[in-house]
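Q: Handing you a structure now.
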Amino acid sequence: MIEIICISTYFVVFLAWGFIRSQYQKQYALSHQTKSLEKQPKREALLVKLVGFSVGISTLLWAFTPFIAFAYVAIPDLVRLLGVPISIFSTWYFYEVHRQLGKNWSPVLEIRPQHELVVSGLYKYVRHPMYTAIIVWWLGNVFLTANYVLLGVQFFTIFIMLVIRVPDEEKMMQEQFGQQYLEYSHRTKRFIPFIF
């Protein structure tokens, strides 16, 4: 029963994230007029494929085959169920980040036309709440999946994305917003409010 709840939660959250992203992807496609504003387009495309492929394949192996069952970690059922509220929270957070960004959101690194520096809402506490949502999603998966191969693949993928993308994103924002972004970055943390 616990396994069914955990797998169901995982896939409901996965589908919810996909639905949320698809709605903003549609809005983006309608307003995206030129690729010349994109930074590192080839690298960005490669990162998206890396994330999609690695998370997708490892998820399928975990849920539908015994191939990585050896990596299952036995943890108490009540502890595994912690993944349910954490995953639901990550979904709400993911939605809120998109909503608060609005027309500033882009799936790739770029400054949108009439781009604004968002510093309120979730952005009052962290500079990169989209990545915070991803980190919280992964934390929920720690409990839901209890599988160190799946979690390792996801962690590695997220880590690569953060290490490669975040410095370029911050550089791009500093170039666009100058002192305003510098002051904002001094009073906020990157991913975890008041900590990091």
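Q: Can we say Phe159 is at pLDDT below 95 and of a type in the set (Phe, Trp, Tyr)?
A: Yes.
Q: Report, ordered by the first and then the second residue, all pairs with beta carbons closer than 6 Å, sequence separation of six or more or different chains, a first member in region 160-179 that is polar (S, T, N, Q), and a second member that is in a helix (DSSP H, G or I) and surrounded by 16 or more Cβ atoms within 10 Å (Cβ to Cβ).
A: Partner pairs satisfying both residue conditions: Gln174/Tyr181.
Q: If the requirement is being surrounded by fewer than 16 Cβ atoms within 10 Å (Cβ to Cβ), closer than 28 Å to Arg112 by Cβ and free of Cβ contacts under 8 Å to residues at least 24 places away in the same chain, which of these qualifies: Leu60, Leu30, Leu50?
A: Criteria check complete, one pass: Leu30.
Residue-by-condition table, conditions (1) surrounded by fewer than 16 Cβ atoms within 10 Å (Cβ to Cβ); (2) at pLDDT 95 or above; (3) touching a Leu at 6+ places or on another chain (Cβ under 9 Å):
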position: Gly83; (1), (2), (3): no, yes, yes
position: Trp92; (1), (2), (3): yes, yes, no
position: Asn104; (1), (2), (3): yes, no, yes
position: Glu110; (1), (2), (3): no, no, yes
position: Pro113; (1), (2), (3): yes, no, yes
position: Val119; (1), (2), (3): yes, yes, no
position: Tyr123; (1), (2), (3): no, yes, yes
position: Val126; (1), (2), (3): no, yes, no
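Q: Residues that are among the hydroxyl-bearing types (Ser, Thr, Tyr) and over 20 Å from Leu46 (Cβ atoms): list the helices (runs of 4 or more DSSP H) wholly contained in region 72-179 that include at least 3 such residues.
A: Filter on region 72-179 gives 83-101.
The values are calculated or read from the model by the stated rules, or taken from the named source; none is laboratory data. The shown structure was predicted, so the numbers you read here are calculated from the model rather than taken from an experiment. Ideal geometry is used to build each Cβ from the backbone, glycine not excepted, and the neighbour counts take in all protein chains shown.
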